[in-house]
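Chemist: Okay, here's the structure, questions in a sec.
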Amino acid sequence: MAKATLTISSKNYSSWSLRGWLLAKFAGLDFKEVVIPPDDADARKEILLLSPSILVPCLTHDGIKVWDTLAIAEYLNEVKPKSGLLPADRAARAHCRAVAGEMHSGFANLRSALPMNLKRVFKGHKVWARARADIERIETIWRECLAQYGGPWLFGKQRTMADAMYAPVVTRFVTYDVKIDRKAAPYCTTILAMPELKEWTAAARLEPDEIDELDMEF
C-alpha cells in the first residue's frame, strides 16, 4: 500500500497539479492520488489565478506534508536521490534549479493568456504581445539547455525537475496552436511522447467541463 498521498485538483486545468504528479512519477514514488474537484472554491481560485498562494499539489509522505512544487521536487530528491530529479554535476544542478525556479515564479503573462486546457485546441489563436515575450524566453531556455546538455531532455539523457516544470507549457503550446522555434520544437515532441503525460491527458479528457471561464471561445 502506498505510504504517500498526492493531493491534486483538475487534471484538465491545473498545471501545478501536473507538475507535482510528474515529479512523483519521475522519482518513482509509490503514491495515492487524492483529487479535489474543480468546483471546490479554493481549487477554483488557484486554477483561475485568483489565489495568493498555490497549495495544490500537496505531497504527504511519512507524516511529512509538502505543498510547494519546488519544495516537493527538493524533498523527492532527498528521499529518492538516485531518481535524477537534479543532475549529478554541480554546475548543471545549479542551472536546473535556476530554470525550474524561473518557471515557478515567472511567466505570469503566459499563464493568464494561455490557461491550461487539455481538452481544447484553438487553431490560429492570436497570442498577445506580453505572452509572446514569455514564449520567446521559454524557447531560449529550451534551446540553450538542449544545446548544452545534448537532449532529449533539458539536462541530457535523464528527466529532471525542470522537465516536470516545463511539461505543462508544452501542452499549452498545443492547445493554443503556438508555433515554436525549430531548435526548441524537438523538446515538445519529447514531452508529448511521455507515457506519463499520455496517461494524465487521457484522464483529463474524461473530466466534466467544470470551469466555464476556461472553456470559452477565445
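Chemist: How large is the Kirkwood hydrodynamic radius of the stretch 90-202, counting all unique pairs of alpha carbons, in Å?
Modeler: Here the Kirkwood hydrodynamic radius works out to 14.3 Å.
Chemist: Could you pull the Cα extents of the chain along its three principal axes, largest to smallest, in whole Å?
Modeler: Answer, in whole Å and largest first: 44, 41, 30 Å.
Chemist: Given H placed on each backbone N at 1.01 Å, which residues far from Gly156 in sequence or on other chains put an amide H within less than 5 Å of it?
Modeler: For Gly156, whose amide H was placed from the backbone, the distant partners under 5 Å are Gly151.
Chemist: If contacts are Cα pairs under 8 angstrom and at least 6 residues apart, what is the relative contact order of the stretch 90-202 in percent?
Modeler: Values: 103 pairs, mean separation 37.0, N = 113.
Reported relative contact order: 33 percent.
Chemist: Work through the residues other than Met161 whose Cβ is under 15 Å from its Cβ and net out their charges, Lys, Arg +1 and Asp, Glu -1.
Modeler: Neighbourhood net charge equals 0.
Chemist: Find out how many positive minus negative residues lie around His104, taking Lys and Arg as positive, Asp and Glu as negative, among other residues whose Cβ is under 13 Å from that of His104.
Modeler: 0
Chemist: Per DSSP H run of at least 4 residues, take -39500 (n - 2.57); add these up for the chain, divide by its residues and hand me the 222 nm value, nearest 500 deg cm²/dmol.
Modeler: Taking each H run of at least 4 residues, the total per residue is -15000 deg cm²/dmol.
Chemist: Report relative contact order for the chain in percent, whole number only (criteria: Cα-Cα under 8 Å, sequence separation at least 6).
Modeler: Taking the mean separation of contacting Cα pairs over the length of the chain, I get 24 percent.
Bear in mind these aren't lab numbers, they're just calculated from the coordinates by the rules spelled out. On a predicted model such as this, the values are computed, not experimentally measured, just so you know. Quick reminder, even Gly has a Cβ in these numbers, built from the backbone with ideal geometry, and neighbours come from all protein chains shown.
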